[in-house]
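S.K.: Here it is, the structure, as structure tokens.
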């Protein structure tokens, strides 16, 4: 299943360099072939005379969108392993405005300027020199607005989750909006797009593909688990994700470490006794947990607590399929927990939150230290499969 | 000999979109020219600035030496972009040392505007964590909220400047 994991290859850096070189060659060739290296074409689009450059960009965005989501619907591409820049609202708005001003003045963006420089256009080269200065100024002055730059993290990372729409519906709406925009642009240019075979062919293909994305839907966590089973099932089989009570208690005492405890037992059992800070697994809790993990600045460990190990394993597989990392199961559930601390006879001992004093009564070898909190490999996964 | 005509914009868009998809499928990342420029900029600063760039967090996280800044796939992508454009320009008889400008604009004004635009785009792309390719072509195509915020802000500002554009370019 795509995307390719170059990290698993023999020479990942060399492979990445070669792939990047090839993709760059293609990118530069198409930009120049489409005439986007000519700044006058960008200016003509802003002046609403010739929308060619805008048509190229919008068609490209639509094409990638349809290929990616169709690939995901058909089970060929795992969207949650693709990386995009994180969403910071106000820095994004300000950065976009500055780039818009730069585009209006120069007729270039970084890609078209590189294409222009490649075809020996001096305006492209001078633009690139200017961009090096702009970037240097940004780096040198960042200390004065670092809080702003790192702030205003968007609550949702994708349009479907922001609008509460399904991915399929969003793709269809985007496709139709894009086609309507093309018709408007053609009308402004005084052409008749519906008489163009290329336009009709590409337009029909786009609508058909978007409808297919909507009808097929996105893979469920259970379907995704089938694809990632070979990689993840050994973690359950060799029990490396099962932690003992002392592991949990030790991490719980460290306020710097993020720990989310999810109690899968029925509500009456939870009400009777639960671990410090544990949350009950009720309908809707999964969505809330995924959103919380997605927006957290620092990684957290998630520990599942259940008396029925089969249930814990089932939920572990479901969450793992949705890219939850640092995911563990409390071995033996509450019965093992109570058994572990049955020998403690300290005054004011809180079984839900064992103190450092209580933990000091255990020999060091009793702590297995399996619970580790590591940064997620996917720095900014956009889609969990449940979306 | 006259230059060959440009590609149909819809066909060019499909090719470009296919390439961005291929980039995601093969590297897990889209295409971001800003990353190429950033790595080159930091390599240049490392070469010129002695130890200073390593004391600036933003530069240090990109590369702590000339080699570490240059030994990144983004540099290969930038070089590929230059090479691909050069090859097609040569094939299509457009490989020519010149300044593309409106007839009424002097070369000096055109180059000044290009430098000013470049500085704004360089600063803005760093602020937005990506350029038009990274945030719009790659981000917005996966329906990233951040990608759409940057793209709409960029396009909105550029179109609001239409009157200025007309004055400059016509």
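S.K.: With respect to residue A:30, is the statement that it is under 30 Å from residue B:114 (Cβ atoms) and at pLDDT 90 or above true?
M.R.: Working: under 30 Å from residue B:114 (Cβ atoms): yes; at pLDDT 90 or above: yes.
Yes; evaluated as a whole, the condition is true for this residue.
S.K.: From B:49, B:57, B:83, grab the single residue that is more than 30 Å from residue A:1 (Cβ to Cβ), surrounded by fewer than 24 Cβ atoms within 10 Å (Cβ to Cβ) and at pLDDT 90 or above.
M.R.: Testing whether each residue is more than 30 Å from residue A:1 (Cβ to Cβ), surrounded by fewer than 24 Cβ atoms within 10 Å (Cβ to Cβ) and at pLDDT 90 or above leaves just B:83.
S.K.: What is the residue count in the range B:12-42 for residues that are part of a helix (DSSP H, G or I), facing chain A (nearest Cβ under 7 Å) and within 25 Å of residue A:64 (Cα to Cα)?
M.R.: Let us first name the residues in the range B:12-42 that are part of a helix (DSSP H, G or I), namely B:12-27, B:33-42.
Those left that are additionally facing chain A (nearest Cβ under 7 Å): B:12-27, B:33-34, B:37-38, B:41.
Going one step further and asking which of them are within 25 Å of residue A:64 (Cα to Cα), we end up with B:12-27, B:33-34, B:37-38.
Matching residues across the range B:12-42 total 20.
S.K.: Here's a follow-up. Give me the helices (runs of 4 or more DSSP H) completely within the range A:1-105, filtered to those with at least 1 residues that are facing chain B (nearest Cβ under 7 Å), surrounded by fewer than 20 Cβ atoms within 10 Å (Cβ to Cβ) and under 29 Å from the mean Cα position of the chain (by Cα), ordered by residue number.
M.R.: A:12-33
S.K.: Just to be sure, is residue A:114 surrounded by fewer than 24 Cβ atoms within 10 Å (Cβ to Cβ), facing chain B (nearest Cβ under 7 Å) and over 18 Å from residue B:154 (Cα atoms)?
M.R.: It is false that residue A:114 is surrounded by fewer than 24 Cβ atoms within 10 Å (Cβ to Cβ), facing chain B (nearest Cβ under 7 Å) and over 18 Å from residue B:154 (Cα atoms).
Here's the yes/no breakdown for (1) under 28 Å from residue A:57 (Cα atoms); (2) at pLDDT below 90; (3) within 9 Å of chain B (Cβ to nearest Cβ):
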position: A:139; (1), (2), (3): no, no, yes
position: A:164; (1), (2), (3): yes, yes, no
position: A:168; (1), (2), (3): yes, no, no
position: A:174; (1), (2), (3): yes, no, yes
position: A:179; (1), (2), (3): yes, no, no
position: A:182; (1), (2), (3): yes, no, yes
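S.K.: Next question, about the same structure. Could you list, in sequence order, all residues of the range B:133-170 that are within 23 Å of residue A:172 (Cβ to Cβ) and in a loop (DSSP other than H, G, I, E, B)?
M.R.: B:143 - this is the single residue of the range B:133-170 that is within 23 Å of residue A:172 (Cβ to Cβ) and in a loop (DSSP other than H, G, I, E, B).
S.K.: If you don't mind, another one. Any residue at all in the range A:221-228 that's touching a helix residue (DSSP H, G or I) at 6+ places or on another chain (Cβ under 8 Å), at pLDDT 90 or above and either farther than 17 Å from residue A:331 by Cβ or part of a helix (DSSP H, G or I) (or both)?
M.R.: no
S.K.: Follow-up. Does any residue of the range A:174-184 turn out to be in the same structural domain as residue A:58 (by TED's automatic domain parsing), touching a residue at least 60 places away in the same chain (Cβ under 8 Å) and in contact with a helix residue (DSSP H, G or I) (Cβ under 6 Å, 6 or more places away or on another chain)?
M.R.: Of the residues in the range A:174-184, the ones in the same structural domain as residue A:58 (by TED's automatic domain parsing) are A:174-184.
Subsequent filtering for residues that are touching a residue at least 60 places away in the same chain (Cβ under 8 Å) retains A:174-175, A:178, A:181-182.
Adding the requirement that they be in contact with a helix residue (DSSP H, G or I) (Cβ under 6 Å, 6 or more places away or on another chain) leaves A:175, A:178.
Yes, because at least one residue in the range A:174-184 is in the same structural domain as residue A:58 (by TED's automatic domain parsing), touching a residue at least 60 places away in the same chain (Cβ under 8 Å) and in contact with a helix residue (DSSP H, G or I) (Cβ under 6 Å, 6 or more places away or on another chain).
S.K.: Residue B:45 versus (1) over 27 Å from residue A:77 (Cβ atoms); (2) more than 7 Å from chain A (Cβ to nearest Cβ): which is the lone unmet condition?
M.R.: Among (1) over 27 Å from residue A:77 (Cβ atoms); (2) more than 7 Å from chain A (Cβ to nearest Cβ), the lone unmet condition for residue B:45 is (2).
S.K.: Would you mind finding the one in A:207, A:167 that is more than 30 Å from residue A:369 (Cβ to Cβ) and without any contact (Cβ under 8 Å) to a residue 60 or more places away in the chain?
M.R.: Of the residues listed, the single one that is more than 30 Å from residue A:369 (Cβ to Cβ) and without any contact (Cβ under 8 Å) to a residue 60 or more places away in the chain is A:207.
Yes/no per residue for (1) more than 14 Å from residue A:101 (Cα to Cα); (2) in contact (Cβ under 8 Å) with a residue 12 or more places away in the chain; (3) out of contact with any strand residue (DSSP E or B) (no Cβ under 6 Å at 6 or more places or on another chain); (4) buried (at least 18 other Cβ atoms within 10 Å of the Cβ):
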| position | (1), (2), (3), (4) |
| --- | --- |
| B:105 | yes, yes, yes, no |
| B:125 | no, yes, yes, yes |
| B:159 | no, no, yes, no |
| B:170 | yes, yes, yes, no |
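S.K.: Which members of the range A:279-293 meet the condition of being crowded, with 18+ Cβ neighbours inside 10 Å and more than 21 Å from the chain's Cα centre (by Cα)?
M.R.: A:281
S.K.: Right, something else. Scanning for something in a helix (DSSP H, G or I) and modelled with pLDDT under 90, does the range A:371-385 turn up at least one residue?
M.R.: no
S.K.: Collect the residues in the range B:48-94 that are closer than 22 Å to residue A:121 by Cβ and more than 10 Å from chain A (Cβ to nearest Cβ), keeping them in residue-number order. Before you say what the answer is, go through the steps one by one.
M.R.: Going through the range B:48-94, the residues closer than 22 Å to residue A:121 by Cβ turn out to be B:75, B:77-94.
Selection gives B:93 alone.
The values are calculated or read from the model by the stated rules, or taken from the named source; none is laboratory data. As the structure is a computational prediction, the values presented were derived from the model and not from experiment. We place every Cβ from the backbone using ideal geometry, glycine too, and count neighbours over all the protein chains shown.
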